[in-house]
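Here's the structure, in structure tokens; my notes come after.
The values are calculated or read from the model by the stated rules, or taken from the named source; none is laboratory data. The structure presented is a predicted model; accordingly, all values stated were derived computationally and were not measured. Every residue, glycine among them, receives a Cβ derived from its backbone with ideal geometry; neighbour counts consider all protein chains shown.
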Amino acid sequence: MQTITTVAELRRALASDRRAGKRVGFVPTMGYLHDGHLTLVEASRLQSDVTVVSVFVNPTQFGPNEDLSTYPRDFARDEKLCRDANVDIVFAPDAREVYPGRFETFIEPGELAKPLCGAFRPGHFRGVATVVCKLFNMVQPDIAFFGQKDFQQCAVVRHMAVDLNLPIEIVTVPTVREADGLAMSSRNRYLSEEERRRALAISRGLFAAVDSFRAGEREVEKLVSLAKGHLDEVDRLQYVELVDQDTLKAAESPLCRPAAMCAAAYVGSTRLIDNVILA
Ligand code: AMP
């Protein structure tokens, strides 16, 4: 496995693979890797010949009062996990390599970036779309892997790839959960034991909606209030919404198209998100 920190070196490292016609798979991450990330790596290993994992905590997707400076980092551990997972290249540029002086060109996503997290994190998806596009240009993958856990991010990235004619297949990998249902996230490490227990209310609420949907419930309000009923243990609920899987617009009753139930909540000072698909 190679660890690479500059774009020039990355291009050199991938040139011969590309000449040999190898399929390059790409897994963008912000590091502090867990089994969710490693499942994306596994998917890439299965569907490509060379797997590149980027580890970059992207400053442009954090708001001024968010956790950029405290975001968990442990690069030595990430490197070891990648080596053990047979990653070919870890690309870990620093912020100056990605955003050299006078950087001023951004990707502005449209309607898909407005609801849900977009309403609470202004500029977040602009930062995400910009860095993903830049990383795509650096790595030039044939196929890239994203987790369903960040459902709105997947939608924004897919749409960007279509709008900008990016010749990259975008694959969404199902959310990986702890045994008790909590969606894996690098931010889970912020949680105290007591917060960790209360954080379970999020997945419990979403699963309750799935059960009710499977039992035949198709009324949006009933499904949403069922999920909300479980969420009184969180400290600050930002949203629980049922949205159309493709447009992210509010789903309508009776549900007759695949919909995503998405939630974001603070437990202590940690913001957690999760979602399930009702289809
Ligand atoms: P992050 O490092 O949090 O930016 O995540 C990097 C990639 O891993 C994104 O595509 C995430 O959606 C994905 N990811 C994060 N957590 C999970 C999870 N629990 N299950 C599946 N994918 C995940």
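Hey, does the stretch 41-50 have a residue that's within 30 Å of Pro122 (Cβ to Cβ), in the same structural domain as Gln152 (by TED's automatic domain parsing), within 12 Å of the ligand (Cβ to nearest atom) and touching a Phe, Trp or Tyr at 6+ places or on another chain (Cβ under 8 Å)?
No, the stretch 41-50 contains no residue that is within 30 Å of Pro122 (Cβ to Cβ), in the same structural domain as Gln152 (by TED's automatic domain parsing), within 12 Å of the ligand (Cβ to nearest atom) and touching a Phe, Trp or Tyr at 6+ places or on another chain (Cβ under 8 Å).
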Exercise. Just to be sure, is Ala119 surrounded by fewer than 20 Cβ atoms within 10 Å (Cβ to Cβ), assigned to a helix (DSSP H, G or I), without any contact (Cβ under 8 Å) to a residue 60 or more places away in the chain and among the aliphatic types (A, V, I, L, M)?
Worked result: no
For this session: Being of a type in the set (A, V, I, L, M, F, W, C) and in contact (Cβ under 8 Å) with a residue 24 or more places away in the chain is the filter; apply it to the stretch 181-197 and report the residue that is farthest from the ligand (Cβ to nearest atom).
Result: Leu191
Exercise. If you check Val132 against the conditions, is it under 30 Å from Arg23 (Cβ atoms) and in a loop (DSSP other than H, G, I, E, B)?
Worked result: no
Seminar exercise, completed: The strands (runs of 3 or more DSSP E) lying wholly within the stretch 231-279 that contain at least 2 residues that are buried (at least 16 other Cβ atoms within 10 Å of the Cβ) and under 16 Å from the mean Cα position of the chain (by Cα) are 259-267, 270-278
Problem set entry | Residue match in the stretch 193-201 (condition: within 30 Å of Gly110 (Cα to Cα), over 23 Å from the mean Cα position of the chain (by Cα) and not polar (S, T, N, Q)) | no
For this session: Could you list all residues from the stretch 54-96 that are buried (at least 21 other Cβ atoms within 10 Å of the Cβ) and either in contact with a His (Cβ under 6 Å, 6 or more places away or on another chain) or aromatic (Phe, Trp, Tyr) (or both)?
Result: Gln61, Phe91
Problem set entry | Count of the stretch 137-149 residues which are assigned to a helix (DSSP H, G or I) and touching a strand residue (DSSP E or B) at 6+ places or on another chain (Cβ under 7 Å) | 3
Seminar exercise, completed: Expected single match for among the hydroxyl-bearing types (Ser, Thr, Tyr) and surrounded by 19 or more Cβ atoms within 10 Å (Cβ to Cβ) among Thr6, Thr51 is Thr51
